[in-house]
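Please find one structure pasted underneath; my questions will follow.
The values are calculated or read from the model by the stated rules, or taken from the named source; none is laboratory data. Small disclaimer: the values here were computed from a predicted structure and weren't measured. When we count neighbours, we look across all protein chains shown, and the Cβ atoms used for this are built from the backbone with ideal geometry, even at glycine.
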Amino acid sequence: MIPFNFEYYKPKTIEEAVDLFNSLKSAGKKPVYYGGGTEIISMARVHNVHMDAVIDIKGIPECNVHEVKDGELIIGSGVTLTEIAELNFFPLLSLTIKRIADHTVQGKITLGGNLMGPIIYKEASLPLMASNSKVIIAGRNGKRKVLVRDIYDKEKGLNPCEMIVQIVVEDKFLNLPYAHVKRTKNEKIDYPLITIVGLKDEKKISFAFSGICEYPFRSPKMEDVLNNNSISVNKRIKKAITNIPGKILNDLNGSSEYRKFMLHTMLKEALLDFQEVE
Amino acid sequence: MIKIAKATVLNLHINGEYREVLVKPSDTLLYTLRNLLGLTGAKPGCENGDCGACTVLIDNRPIKSCLILTVETIGKRILTIEGLKDVPIQKSFVENWGFQCGYCTSGFLMVCHSLAQIHPNANDHTIEEWLQSNLCRCTGYEEIENAIKSILTGTVRT
Ligand SMILES: Cc1cc2nc3c(=O)[nH]c(=O)nc-3n(C[C@H](O)[C@H](O)[C@H](O)COP(=O)(O)OP(=O)(O)OC[C@H]3O[C@@H](n4cnc5c(N)ncnc54)[C@H](O)[C@@H]3O)c2cc1C
Ligand code: FES
Ligand code: FES
(Lines give C-alpha, C1' and ligand atoms only; values in the text may rest on other atoms or scores of the structure.)
(Ligands and ions follow the chains in the order given, each with its own letter.)
Protein backbone atom coordinates (compact mmCIF):
# COMPACT_ATOMS: atom_id res chain seq x y z
CA MET A 1 0.00 0.00 0.00
CA ILE A 2 1.30 3.45 -0.91
CA PRO A 3 1.02 5.64 2.22
CA PHE A 4 0.23 8.94 0.46
CA ASN A 5 -2.03 10.09 -2.33
CA PHE A 6 -1.23 11.60 -5.74
CA GLU A 7 -3.02 12.54 -8.92
CA TYR A 8 -3.00 10.25 -11.98
CA TYR A 9 -2.91 11.56 -15.55
CA LYS A 10 -2.75 9.59 -18.80
CA PRO A 11 -2.17 12.04 -21.68
CA LYS A 12 -2.69 11.11 -25.34
CA THR A 13 0.05 13.26 -26.89
CA ILE A 14 3.65 14.24 -26.12
CA GLU A 15 2.69 17.92 -26.05
CA GLU A 16 -0.09 17.21 -23.53
CA ALA A 17 2.35 15.29 -21.29
CA VAL A 18 5.08 17.94 -21.38
CA ASP A 19 2.65 20.87 -20.92
CA LEU A 20 1.01 19.06 -18.03
CA PHE A 21 4.37 18.42 -16.37
CA ASN A 22 5.26 22.10 -16.64
CA SER A 23 1.87 23.41 -15.48
CA LEU A 24 1.85 21.07 -12.46
CA LYS A 25 5.37 22.22 -11.62
CA SER A 26 4.40 25.88 -11.98
CA ALA A 27 1.51 25.23 -9.60
CA GLY A 28 4.07 24.13 -6.97
CA LYS A 29 3.40 20.40 -7.38
CA LYS A 30 5.92 17.61 -7.93
CA PRO A 31 4.97 15.51 -10.99
CA VAL A 32 6.87 12.44 -12.30
CA TYR A 33 6.67 10.69 -15.64
CA TYR A 34 5.31 7.17 -15.10
CA GLY A 35 6.37 4.22 -17.30
CA GLY A 36 5.85 0.74 -15.86
CA GLY A 37 5.68 2.21 -12.38
CA THR A 38 7.58 -0.70 -10.78
CA GLU A 39 10.28 1.57 -9.37
CA ILE A 40 7.89 4.40 -8.49
CA ILE A 41 5.44 2.11 -6.65
CA SER A 42 8.09 0.15 -4.74
CA MET A 43 9.91 3.31 -3.67
CA ALA A 44 6.74 5.24 -2.80
CA ARG A 45 5.59 2.36 -0.57
CA VAL A 46 8.59 2.90 1.70
CA HIS A 47 8.62 6.71 1.39
CA ASN A 48 11.79 6.74 -0.72
CA VAL A 49 10.10 8.91 -3.30
CA HIS A 50 7.30 11.44 -2.99
CA MET A 51 5.27 13.00 -5.78
CA ASP A 52 2.01 14.91 -6.15
CA ALA A 53 1.14 13.56 -9.59
CA VAL A 54 2.12 10.78 -11.98
CA ILE A 55 1.96 11.26 -15.76
CA ASP A 56 1.48 7.84 -17.34
CA ILE A 57 3.18 7.93 -20.75
CA LYS A 58 1.67 4.60 -21.95
CA GLY A 59 -1.28 6.34 -23.64
CA ILE A 60 0.99 8.26 -26.06
CA PRO A 61 1.15 6.48 -29.47
CA GLU A 62 4.82 7.47 -30.12
CA CYS A 63 5.83 5.87 -26.81
CA ASN A 64 4.29 2.53 -27.91
CA VAL A 65 5.95 2.31 -31.35
CA HIS A 66 8.05 -0.83 -31.93
CA GLU A 67 9.16 -1.29 -35.52
CA VAL A 68 12.04 -1.40 -37.99
CA LYS A 69 11.55 1.39 -40.51
CA ASP A 70 13.86 3.22 -42.94
CA GLY A 71 16.98 1.44 -41.66
CA GLU A 72 16.26 2.02 -37.96
CA LEU A 73 14.74 0.08 -35.09
CA ILE A 74 12.46 2.42 -33.18
CA ILE A 75 11.33 1.43 -29.69
CA GLY A 76 8.91 3.63 -27.74
CA SER A 77 9.87 4.39 -24.16
CA GLY A 78 6.63 2.79 -22.92
CA VAL A 79 7.28 -0.59 -24.58
CA THR A 80 7.73 -3.37 -22.01
CA LEU A 81 10.81 -5.55 -21.72
CA THR A 82 8.64 -8.60 -22.50
CA GLU A 83 7.49 -7.13 -25.81
CA ILE A 84 11.08 -6.28 -26.77
CA ALA A 85 12.23 -9.84 -25.98
CA GLU A 86 9.28 -11.40 -27.84
CA LEU A 87 9.59 -9.36 -31.03
CA ASN A 88 13.38 -9.83 -30.81
CA PHE A 89 14.49 -7.30 -33.44
CA PHE A 90 17.83 -6.84 -31.61
CA PRO A 91 18.93 -10.21 -30.15
CA LEU A 92 21.60 -8.71 -27.81
CA LEU A 93 18.99 -6.35 -26.33
CA SER A 94 16.52 -9.24 -25.92
CA LEU A 95 19.11 -11.39 -24.15
CA THR A 96 20.13 -8.56 -21.82
CA ILE A 97 16.51 -7.76 -20.99
CA LYS A 98 15.65 -11.38 -20.23
CA ARG A 99 18.13 -11.20 -17.34
CA ILE A 100 16.54 -8.07 -15.79
CA ALA A 101 14.22 -8.84 -12.83
CA ASP A 102 11.97 -11.84 -13.62
CA HIS A 103 9.62 -12.82 -16.43
CA THR A 104 6.46 -11.44 -14.80
CA VAL A 105 8.08 -8.11 -13.85
CA GLN A 106 9.54 -7.83 -17.37
CA GLY A 107 5.92 -7.55 -18.52
CA LYS A 108 5.62 -4.28 -16.54
CA ILE A 109 9.04 -2.61 -16.71
CA THR A 110 9.33 -0.25 -19.69
CA LEU A 111 12.49 0.51 -21.65
CA GLY A 112 12.26 4.22 -20.72
CA GLY A 113 11.82 3.34 -17.04
CA ASN A 114 14.87 1.06 -17.01
CA LEU A 115 16.99 3.77 -18.64
CA MET A 116 15.78 6.52 -16.28
CA GLY A 117 15.18 4.70 -12.98
CA PRO A 118 17.25 5.57 -9.90
CA ILE A 119 18.64 2.00 -9.66
CA ILE A 120 22.25 2.32 -10.85
CA TYR A 121 22.43 -0.78 -13.06
CA LYS A 122 20.12 0.16 -16.01
CA GLU A 123 21.16 -2.99 -17.83
CA ALA A 124 19.04 -2.31 -20.92
CA SER A 125 21.30 0.67 -21.64
CA LEU A 126 24.29 -1.60 -22.33
CA PRO A 127 23.38 -2.97 -25.80
CA LEU A 128 22.11 0.52 -26.68
CA MET A 129 25.41 2.14 -25.71
CA ALA A 130 27.43 -0.52 -27.52
CA SER A 131 25.42 0.18 -30.69
CA ASN A 132 25.74 4.00 -30.44
CA SER A 133 21.96 4.20 -30.20
CA LYS A 134 20.12 7.45 -29.72
CA VAL A 135 17.25 8.67 -27.57
CA ILE A 136 14.54 11.09 -28.66
CA ILE A 137 13.76 13.41 -25.79
CA ALA A 138 10.79 15.80 -25.59
CA GLY A 139 10.61 18.92 -23.47
CA ARG A 140 9.26 22.41 -23.37
CA ASN A 141 11.41 23.43 -26.35
CA GLY A 142 10.37 20.54 -28.58
CA LYS A 143 12.33 17.38 -29.35
CA ARG A 144 16.06 16.62 -29.38
CA LYS A 145 18.14 13.51 -30.10
CA VAL A 146 21.15 12.44 -28.00
CA LEU A 147 23.29 9.33 -27.69
CA VAL A 148 22.03 6.90 -25.02
CA ARG A 149 25.30 7.30 -23.12
CA ASP A 150 24.75 11.08 -22.97
CA ILE A 151 21.51 10.78 -21.00
CA TYR A 152 23.75 10.12 -17.97
CA ASP A 153 25.82 13.24 -18.67
CA LYS A 154 25.05 16.23 -16.41
CA GLU A 155 25.16 18.71 -19.32
CA LYS A 156 23.56 16.71 -22.14
CA GLY A 157 21.20 14.55 -20.06
CA LEU A 158 17.48 15.09 -19.42
CA ASN A 159 16.31 18.06 -17.41
CA PRO A 160 13.52 17.23 -14.93
CA CYS A 161 10.75 18.40 -17.28
CA GLU A 162 11.90 16.26 -20.20
CA MET A 163 10.74 12.76 -21.08
CA ILE A 164 12.14 9.99 -23.25
CA VAL A 165 9.88 9.36 -26.24
CA GLN A 166 11.79 6.76 -28.27
CA ILE A 167 15.06 4.86 -28.60
CA VAL A 168 16.56 4.55 -32.10
CA VAL A 169 19.02 1.82 -33.15
CA GLU A 170 20.59 1.78 -36.63
CA ASP A 171 19.69 -1.55 -38.24
CA LYS A 172 23.32 -2.35 -39.17
CA PHE A 173 23.92 -3.11 -35.45
CA LEU A 174 20.93 -5.41 -34.92
CA ASN A 175 22.43 -8.70 -36.06
CA LEU A 176 26.13 -8.29 -35.31
CA PRO A 177 27.92 -11.03 -33.32
CA TYR A 178 27.57 -10.35 -29.59
CA ALA A 179 28.50 -11.44 -26.09
CA HIS A 180 26.54 -11.04 -22.84
CA VAL A 181 28.03 -12.04 -19.48
CA LYS A 182 26.18 -11.37 -16.20
CA ARG A 183 27.22 -12.37 -12.68
CA THR A 184 25.12 -11.84 -9.56
CA LYS A 185 26.10 -12.24 -5.92
CA ASN A 186 23.99 -15.36 -5.24
CA GLU A 187 20.75 -15.95 -7.10
CA LYS A 188 20.33 -16.12 -10.87
CA ILE A 189 17.60 -13.46 -10.69
CA ASP A 190 19.15 -10.45 -9.00
CA TYR A 191 20.75 -7.10 -9.67
CA PRO A 192 24.12 -7.67 -11.31
CA LEU A 193 27.44 -7.85 -9.55
CA ILE A 194 28.72 -7.06 -13.04
CA THR A 195 27.14 -7.26 -16.49
CA ILE A 196 29.20 -6.92 -19.69
CA VAL A 197 27.94 -6.77 -23.25
CA GLY A 198 30.05 -6.74 -26.40
CA LEU A 199 29.09 -6.12 -30.03
CA LYS A 200 31.54 -6.86 -32.86
CA ASP A 201 31.56 -5.11 -36.25
CA GLU A 202 34.18 -5.48 -38.98
CA LYS A 203 36.54 -3.04 -37.22
CA LYS A 204 36.33 -3.74 -33.49
CA ILE A 205 34.40 -4.99 -30.47
CA SER A 206 32.43 -2.37 -28.53
CA PHE A 207 31.92 -3.07 -24.82
CA ALA A 208 29.51 -1.64 -22.24
CA PHE A 209 29.53 -2.32 -18.50
CA SER A 210 27.14 -2.20 -15.53
CA GLY A 211 27.88 -2.88 -11.84
CA ILE A 212 31.49 -1.65 -11.90
CA CYS A 213 30.94 2.07 -11.25
CA GLU A 214 27.90 3.97 -10.03
CA TYR A 215 26.63 4.30 -13.60
CA PRO A 216 26.62 2.09 -16.70
CA PHE A 217 29.42 3.10 -19.07
CA ARG A 218 31.36 2.58 -22.26
CA SER A 219 35.06 3.51 -22.24
CA PRO A 220 37.03 4.30 -25.46
CA LYS A 221 40.31 3.72 -23.57
CA MET A 222 39.27 0.27 -22.35
CA GLU A 223 37.97 -0.59 -25.82
CA ASP A 224 41.24 0.42 -27.50
CA VAL A 225 43.23 -1.87 -25.22
CA LEU A 226 40.80 -4.78 -25.43
CA ASN A 227 40.93 -4.60 -29.25
CA ASN A 228 44.74 -4.48 -29.40
CA ASN A 229 45.54 -7.86 -30.98
CA SER A 230 49.29 -7.28 -30.74
CA ILE A 231 49.32 -8.17 -27.02
CA SER A 232 48.11 -11.26 -25.19
CA VAL A 233 44.50 -11.46 -23.99
CA ASN A 234 45.55 -11.52 -20.32
CA LYS A 235 47.68 -8.39 -20.74
CA ARG A 236 44.86 -6.65 -22.62
CA ILE A 237 42.40 -7.38 -19.83
CA LYS A 238 44.83 -6.31 -17.07
CA LYS A 239 45.52 -3.04 -18.86
CA ALA A 240 41.80 -2.45 -19.54
CA ILE A 241 41.04 -2.83 -15.83
CA THR A 242 43.55 -0.09 -15.00
CA ASN A 243 41.57 2.18 -17.34
CA ILE A 244 38.17 1.88 -15.65
CA PRO A 245 36.80 5.43 -15.97
CA GLY A 246 35.52 5.94 -12.40
CA LYS A 247 35.58 4.76 -8.81
CA ILE A 248 34.97 1.00 -8.59
CA LEU A 249 31.96 0.06 -6.44
CA ASN A 250 32.86 -1.36 -3.05
CA ASP A 251 29.72 -2.57 -1.28
CA LEU A 252 27.95 -5.54 0.30
CA ASN A 253 27.54 -7.16 -3.12
CA GLY A 254 31.28 -7.22 -3.67
CA SER A 255 34.46 -5.36 -2.74
CA SER A 256 36.23 -3.40 -5.46
CA GLU A 257 39.04 -5.99 -5.46
CA TYR A 258 36.53 -8.82 -5.94
CA ARG A 259 34.85 -6.87 -8.74
CA LYS A 260 38.21 -6.44 -10.50
CA PHE A 261 38.90 -10.16 -10.13
CA MET A 262 35.45 -11.05 -11.52
CA LEU A 263 35.78 -8.53 -14.34
CA HIS A 264 38.99 -10.25 -15.48
CA THR A 265 37.26 -13.64 -15.68
CA MET A 266 34.17 -12.20 -17.33
CA LEU A 267 36.10 -10.25 -19.97
CA LYS A 268 37.97 -13.43 -20.82
CA GLU A 269 34.62 -15.18 -21.22
CA ALA A 270 33.35 -12.39 -23.47
CA LEU A 271 36.48 -12.45 -25.63
CA LEU A 272 36.18 -16.23 -25.82
CA ASP A 273 32.68 -15.76 -27.24
CA PHE A 274 34.26 -13.69 -30.00
CA GLN A 275 36.98 -16.34 -30.46
CA GLU A 276 39.66 -13.88 -29.38
CA VAL A 277 40.97 -16.45 -26.87
CA GLU A 278 42.56 -19.73 -28.02
CA MET B 1 -6.55 12.56 -21.40
CA ILE B 2 -7.53 10.47 -18.41
CA LYS B 3 -7.40 12.52 -15.21
CA ILE B 4 -8.06 11.00 -11.80
CA ALA B 5 -7.16 13.50 -9.14
CA LYS B 6 -8.98 12.06 -6.13
CA ALA B 7 -10.92 9.00 -4.95
CA THR B 8 -13.17 8.04 -7.87
CA VAL B 9 -15.65 5.27 -8.63
CA LEU B 10 -14.21 3.01 -11.34
CA ASN B 11 -16.00 0.26 -13.22
CA LEU B 12 -13.42 -2.55 -13.40
CA HIS B 13 -13.73 -5.75 -15.40
CA ILE B 14 -12.84 -8.49 -12.91
CA ASN B 15 -13.37 -12.22 -13.34
CA GLY B 16 -15.82 -11.79 -16.21
CA GLU B 17 -18.02 -9.11 -14.64
CA TYR B 18 -17.96 -5.37 -14.03
CA ARG B 19 -17.44 -4.27 -10.44
CA GLU B 20 -17.82 -0.69 -9.21
CA VAL B 21 -15.26 0.37 -6.67
CA LEU B 22 -14.12 3.65 -5.13
CA VAL B 23 -10.34 3.91 -5.59
CA LYS B 24 -7.66 6.48 -4.91
CA PRO B 25 -5.11 7.04 -7.73
CA SER B 26 -2.39 5.71 -5.41
CA ASP B 27 -4.16 2.40 -4.62
CA THR B 28 -2.31 -0.64 -5.89
CA LEU B 29 -4.41 -3.34 -7.51
CA LEU B 30 -3.41 -5.72 -4.69
CA TYR B 31 -4.89 -3.28 -2.14
CA THR B 32 -8.08 -2.77 -4.15
CA LEU B 33 -8.67 -6.47 -4.68
CA ARG B 34 -8.11 -7.48 -1.07
CA ASN B 35 -9.32 -4.49 0.95
CA LEU B 36 -12.05 -3.00 -1.21
CA LEU B 37 -13.42 -5.94 -3.19
CA GLY B 38 -12.91 -8.79 -0.72
CA LEU B 39 -10.95 -10.81 -3.28
CA THR B 40 -8.25 -12.10 -0.94
CA GLY B 41 -6.85 -14.81 -3.21
CA ALA B 42 -3.96 -12.60 -4.36
CA LYS B 43 -1.60 -12.64 -1.37
CA PRO B 44 0.62 -9.88 -0.05
CA GLY B 45 4.15 -11.19 0.42
CA CYS B 46 7.05 -8.83 -0.23
CA GLU B 47 4.93 -6.09 -1.88
CA ASN B 48 8.14 -5.37 -3.75
CA GLY B 49 7.84 -7.46 -6.91
CA ASP B 50 10.02 -10.31 -5.68
CA CYS B 51 7.80 -13.16 -4.45
CA GLY B 52 4.91 -13.40 -6.97
CA ALA B 53 2.29 -14.32 -4.31
CA CYS B 54 0.13 -11.40 -5.53
CA THR B 55 0.14 -12.42 -9.23
CA VAL B 56 -3.07 -11.91 -11.24
CA LEU B 57 -3.68 -11.87 -14.98
CA ILE B 58 -4.28 -8.63 -16.86
CA ASP B 59 -5.45 -9.29 -20.42
CA ASN B 60 -4.26 -12.89 -19.92
CA ARG B 61 -0.68 -11.95 -18.95
CA PRO B 62 0.73 -12.37 -15.42
CA ILE B 63 1.26 -9.13 -13.48
CA LYS B 64 2.34 -8.69 -9.87
CA SER B 65 -0.64 -6.81 -8.44
CA CYS B 66 1.57 -5.05 -5.87
CA LEU B 67 3.37 -3.29 -8.75
CA ILE B 68 0.38 -1.91 -10.66
CA LEU B 69 -1.93 0.97 -9.80
CA THR B 70 -5.61 0.10 -9.95
CA VAL B 71 -6.19 3.10 -12.24
CA GLU B 72 -3.85 1.49 -14.80
CA THR B 73 -6.31 -1.39 -15.23
CA ILE B 74 -9.14 0.76 -16.61
CA GLY B 75 -10.37 -0.91 -19.81
CA LYS B 76 -8.43 -4.13 -19.15
CA ARG B 77 -9.60 -7.62 -18.15
CA ILE B 78 -8.46 -8.67 -14.68
CA LEU B 79 -8.47 -12.36 -13.72
CA THR B 80 -7.80 -13.38 -10.13
CA ILE B 81 -7.65 -16.83 -8.60
CA GLU B 82 -11.34 -16.44 -7.60
CA GLY B 83 -12.19 -16.34 -11.32
CA LEU B 84 -10.22 -19.46 -12.17
CA LYS B 85 -12.84 -22.20 -12.04
CA ASP B 86 -11.96 -25.87 -12.61
CA VAL B 87 -9.12 -25.27 -15.04
CA PRO B 88 -6.67 -28.16 -15.59
CA ILE B 89 -3.81 -26.60 -13.59
CA GLN B 90 -5.86 -26.63 -10.36
CA LYS B 91 -6.50 -30.38 -10.57
CA SER B 92 -2.92 -30.94 -11.57
CA PHE B 93 -1.60 -29.08 -8.49
CA VAL B 94 -3.69 -31.39 -6.28
CA GLU B 95 -2.56 -34.54 -8.06
CA ASN B 96 1.13 -33.54 -8.05
CA TRP B 97 1.32 -32.20 -4.45
CA GLY B 98 2.02 -28.74 -5.85
CA PHE B 99 1.40 -26.99 -2.52
CA GLN B 100 1.82 -27.36 1.22
CA CYS B 101 0.94 -24.22 3.24
CA GLY B 102 -0.70 -22.76 0.11
CA TYR B 103 0.43 -19.14 0.51
CA CYS B 104 2.21 -19.02 -2.83
CA THR B 105 -0.32 -21.23 -4.61
CA SER B 106 -2.70 -18.66 -6.10
CA GLY B 107 0.25 -16.80 -7.64
CA PHE B 108 1.73 -19.98 -9.10
CA LEU B 109 -1.65 -21.07 -10.46
CA MET B 110 -2.11 -17.76 -12.27
CA VAL B 111 1.36 -17.93 -13.86
CA CYS B 112 0.92 -21.58 -14.85
CA HIS B 113 -2.56 -20.96 -16.27
CA SER B 114 -1.28 -18.07 -18.39
CA LEU B 115 1.72 -20.09 -19.56
CA ALA B 116 -0.55 -22.98 -20.61
CA GLN B 117 -2.76 -20.57 -22.58
CA ILE B 118 0.04 -18.62 -24.28
CA HIS B 119 2.61 -21.42 -24.77
CA PRO B 120 0.73 -24.75 -24.73
CA ASN B 121 3.89 -26.44 -26.08
CA ALA B 122 6.36 -24.66 -23.78
CA ASN B 123 9.77 -26.31 -23.46
CA ASP B 124 11.77 -26.71 -20.21
CA HIS B 125 13.53 -23.39 -20.75
CA THR B 126 10.30 -21.42 -21.13
CA ILE B 127 8.72 -23.18 -18.13
CA GLU B 128 11.74 -22.30 -15.98
CA GLU B 129 11.74 -18.69 -17.23
CA TRP B 130 8.07 -18.16 -16.33
CA LEU B 131 8.08 -20.02 -13.00
CA GLN B 132 11.19 -18.25 -11.72
CA SER B 133 8.95 -15.22 -11.15
CA ASN B 134 7.42 -16.88 -8.06
CA LEU B 135 8.84 -18.11 -4.78
CA CYS B 136 7.67 -21.07 -2.68
CA ARG B 137 9.10 -21.65 0.78
CA CYS B 138 7.54 -25.12 1.34
CA THR B 139 7.77 -27.34 -1.72
CA GLY B 140 10.96 -28.16 -3.56
CA TYR B 141 9.51 -26.64 -6.79
CA GLU B 142 9.73 -30.06 -8.46
CA GLU B 143 6.10 -30.78 -7.58
CA ILE B 144 5.03 -27.47 -9.17
CA GLU B 145 7.11 -28.21 -12.26
CA ASN B 146 5.49 -31.65 -12.52
CA ALA B 147 2.05 -30.04 -12.21
CA ILE B 148 2.60 -27.62 -15.09
CA LYS B 149 4.32 -30.25 -17.23
CA SER B 150 1.46 -32.67 -16.80
CA ILE B 151 -1.04 -30.18 -18.22
CA LEU B 152 1.23 -29.05 -21.02
CA THR B 153 1.62 -32.63 -22.16
CA GLY B 154 -2.10 -33.18 -21.62
CA THR B 155 -1.82 -36.03 -19.10
CA VAL B 156 -4.05 -34.55 -16.39
CA ARG B 157 -7.10 -36.71 -15.62
CA THR B 158 -10.43 -34.91 -15.80
C1 LIG C 1 11.86 -7.11 -8.78
C2 LIG C 1 12.75 -6.17 -9.55
C3 LIG C 1 13.99 -6.61 -10.01
C4 LIG C 1 14.83 -5.76 -10.77
N5 LIG C 1 16.02 -6.24 -11.29
C6 LIG C 1 16.78 -5.44 -12.10
C7 LIG C 1 17.97 -5.94 -12.72
O8 LIG C 1 18.35 -7.10 -12.54
N9 LIG C 1 18.67 -5.08 -13.52
C10 LIG C 1 18.27 -3.80 -13.77
O11 LIG C 1 18.93 -3.07 -14.53
N12 LIG C 1 17.16 -3.31 -13.19
C13 LIG C 1 16.41 -4.10 -12.38
N14 LIG C 1 15.27 -3.60 -11.80
C15 LIG C 1 15.02 -2.18 -11.96
C16 LIG C 1 14.05 -1.91 -13.03
O17 LIG C 1 14.59 -2.02 -14.30
C18 LIG C 1 13.61 -0.52 -12.70
O19 LIG C 1 12.67 -0.73 -11.67
C20 LIG C 1 13.04 0.32 -13.79
O21 LIG C 1 13.32 1.64 -13.47
C22 LIG C 1 11.60 0.28 -13.80
O23 LIG C 1 11.05 0.67 -15.02
P24 LIG C 1 9.55 1.17 -14.99
O25 LIG C 1 9.11 1.25 -16.40
O26 LIG C 1 8.72 0.38 -14.07
O27 LIG C 1 9.84 2.64 -14.42
P28 LIG C 1 8.99 3.62 -13.51
O29 LIG C 1 8.85 3.07 -12.14
O30 LIG C 1 7.75 4.03 -14.21
O31 LIG C 1 9.98 4.87 -13.51
C32 LIG C 1 11.30 4.80 -13.02
C33 LIG C 1 11.92 6.19 -13.15
O34 LIG C 1 12.08 6.53 -14.53
C35 LIG C 1 11.35 7.70 -14.87
N36 LIG C 1 10.75 7.49 -16.18
C37 LIG C 1 9.98 6.42 -16.57
N38 LIG C 1 9.67 6.52 -17.88
C39 LIG C 1 10.25 7.66 -18.33
C40 LIG C 1 10.29 8.33 -19.59
N41 LIG C 1 9.69 7.83 -20.68
N42 LIG C 1 10.98 9.50 -19.67
C43 LIG C 1 11.61 10.03 -18.60
N44 LIG C 1 11.60 9.46 -17.38
C45 LIG C 1 10.94 8.29 -17.24
C46 LIG C 1 10.32 7.87 -13.77
O47 LIG C 1 9.97 9.22 -13.57
C48 LIG C 1 11.06 7.30 -12.55
O49 LIG C 1 11.92 8.25 -12.00
C50 LIG C 1 14.43 -4.43 -11.04
C51 LIG C 1 13.17 -3.97 -10.56
C52 LIG C 1 12.34 -4.83 -9.84
C53 LIG C 1 11.00 -4.32 -9.37
S1 FES D 1 3.63 -9.28 -2.93
FE2 FES D 1 3.77 -8.77 -5.02
S3 FES D 1 5.54 -9.78 -5.66
FE4 FES D 1 5.55 -10.17 -3.50
S1 FES E 1 3.28 -23.96 -0.42
FE2 FES E 1 3.97 -22.75 1.24
S3 FES E 1 5.02 -21.15 0.24
FE4 FES E 1 4.55 -22.46 -1.36
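Restricting region B:83-127 to residues that are among the aromatic types (F, W, Y) and within 16 Å of ligand 2 (Cβ to nearest atom), which is nearest to B:L57 (Cα to Cα)? Walk me through it before giving the result.
Looking only at region B:83-127, we keep the residues that are among the aromatic types (F, W, Y), and these are B:93, B:97, B:99, B:103, B:108.
Retained after the next criterion (residues that are within 16 Å of ligand 2 (Cβ to nearest atom)): B:103, B:108.
On the way: B:Y103: 18, B:F108: 11 Å.
Looking at the filtered set, the residue picked out is B:F108.
Here is a yes/no grid of residues against (1) out of contact with any helix residue (DSSP H, G or I) (no Cβ under 6 Å at 6 or more places or on another chain); (2) within 16 Å of ligand 1 (Cβ to nearest atom); (3) not assigned by TED's automatic domain parsing to the domain that holds B:I63:
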site: B:W97; (1), (2), (3): no, no, yes
site: B:G107; (1), (2), (3): yes, yes, yes
site: B:S114; (1), (2), (3): yes, no, yes
site: B:D124; (1), (2), (3): yes, no, yes
site: B:L131; (1), (2), (3): yes, yes, yes
site: B:E142; (1), (2), (3): yes, no, yes
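Tally the residues that are basic (K, R), part of a helix (DSSP H, G or I) and exposed (fewer than 15 other Cβ atoms within 10 Å of the Cβ), restricting the search to region A:217-260.
Initially, region A:217-260 is screened for residues basic (K, R), giving A:218, A:221, A:235-236, A:238-239, A:247, A:259-260.
Still in the list and also part of a helix (DSSP H, G or I): A:221, A:235-236, A:238-239, A:259-260.
So of that shortlist, the ones also exposed (fewer than 15 other Cβ atoms within 10 Å of the Cβ) come out as A:221, A:235.
Number satisfying all stated conditions: 2.
Let me ask you something else. Hey, among the residues in region B:18-55 that are within 16 Å of ligand 3 (Cβ to nearest atom) and in contact with a strand residue (DSSP E or B) (Cβ under 6 Å, 6 or more places away or on another chain), which one's farthest from the other protein chains (Cβ to nearest Cβ)?
B:A42
In region A:50-84, how many are in contact (Cβ under 8 Å) with a residue 60 or more places away in the chain and closer than 19 Å to B:G49 by Cα?
Total meeting the criteria: 0.
I'd like the full set of residues that are touching a residue at least 40 places away in the same chain (Cβ under 8 Å) and away from chain A (no Cβ under 11 Å), limited to region B:126-146.
B:T139, B:E143, B:I144, B:N146
Could you tell me which of the residues A:R236, A:R183, A:R218 is charged (D, E, K, R), more than 14 Å from chain B (Cβ to nearest Cβ), more than 20 Å from the chain's Cα centre (by Cα) and more than 16 Å from ligand 2 (Cβ to nearest atom)? First the steps, then the outcome.
Values: A:R183 fails: more than 20 Å from the chain's Cα centre (by Cα); A:R218 fails: more than 20 Å from the chain's Cα centre (by Cα).
On inspection, the qualifying residue turns out to be A:R236.
Can you pull out every residue in region B:76-89 that is touching a residue at least 60 places away in the same chain (Cβ under 8 Å) and of a type outside the set (A, V, I, L, M, F, W, C)? Full working, then the answer.
Start the filter on region B:76-89 by keeping residues that are touching a residue at least 60 places away in the same chain (Cβ under 8 Å), which leaves B:76-80, B:82-83, B:88-89.
B:K76, B:R77, B:T80, B:E82, B:G83, B:P88 - these are the residues of region B:76-89 that are touching a residue at least 60 places away in the same chain (Cβ under 8 Å) and of a type outside the set (A, V, I, L, M, F, W, C).
Is it the case that region B:130-142 has a residue that's modelled with pLDDT of 95 or more, away from ligand 2 (no atom under 16 Å from the Cβ) and charged (D, E, K, R)?
no
Still on this structure, please answer the following. Taking region A:84-106 as the search range and keeping residues that are out of contact with any helix residue (DSSP H, G or I) (no Cβ under 7 Å at 6 or more places or on another chain) and farther than 19 Å from A:V148 by Cβ, which one is farthest from the other protein chains (Cβ to nearest Cβ)?
Going residue by residue through region A:84-106, those that are out of contact with any helix residue (DSSP H, G or I) (no Cβ under 7 Å at 6 or more places or on another chain) are A:86-87, A:89, A:91, A:95, A:99, A:101-102.
Subsequent filtering for residues that are farther than 19 Å from A:V148 by Cβ retains A:86-87, A:101-102.
On the way: A:E86: 10, A:L87: 15, A:A101: 7, A:D102: 4 Å.
Checking each candidate, the answer is A:L87.
Inside region B:27-138, counting only helices (runs of 4 or more DSSP H) that do not spill past its ends, which hold 2 or more residues that are closer than 27 Å to B:E17 by Cβ?
Numbers: elements: B:88-95, B:105-118, B:124-131.
Hits in region B:27-138: B:88-95, B:105-118.
On the basis of being over 16 Å from A:I2 (Cβ atoms), away from ligand 1 (no atom under 16 Å from the Cβ) and either in a strand (DSSP E or B) or within 14 Å of chain A (Cβ to nearest Cβ) (or both), does B:L10 make the cut?
Working: over 16 Å from A:I2 (Cβ atoms): yes; away from ligand 1 (no atom under 16 Å from the Cβ): yes; either in a strand (DSSP E or B) or within 14 Å of chain A (Cβ to nearest Cβ) (or both): yes.
Criteria met by B:L10.
Same structure again: Say we look at region A:120-156 and pick out the residues that are in contact with a helix residue (DSSP H, G or I) (Cβ under 7 Å, 6 or more places away or on another chain) and exposed (fewer than 15 other Cβ atoms within 10 Å of the Cβ); which of these is modelled with the highest pLDDT?
Among those residues, the one meeting the criterion is A:R140.
Inside region A:1-34, can you point out the residues that are more than 8 Å from every other protein chain (Cβ to nearest Cβ) and not in a helix (DSSP H, G or I)?
A:P3, A:T13, A:A27, A:G28, A:K29, A:K30, A:P31, A:V32, A:Y33, A:Y34
Testing B:K3 on (1) facing chain A (nearest Cβ under 8 Å); (2) in contact (Cβ under 8 Å) with a residue 24 or more places away in the chain, one condition comes back false. Which one is that?
Condition not satisfied by B:K3: (2).
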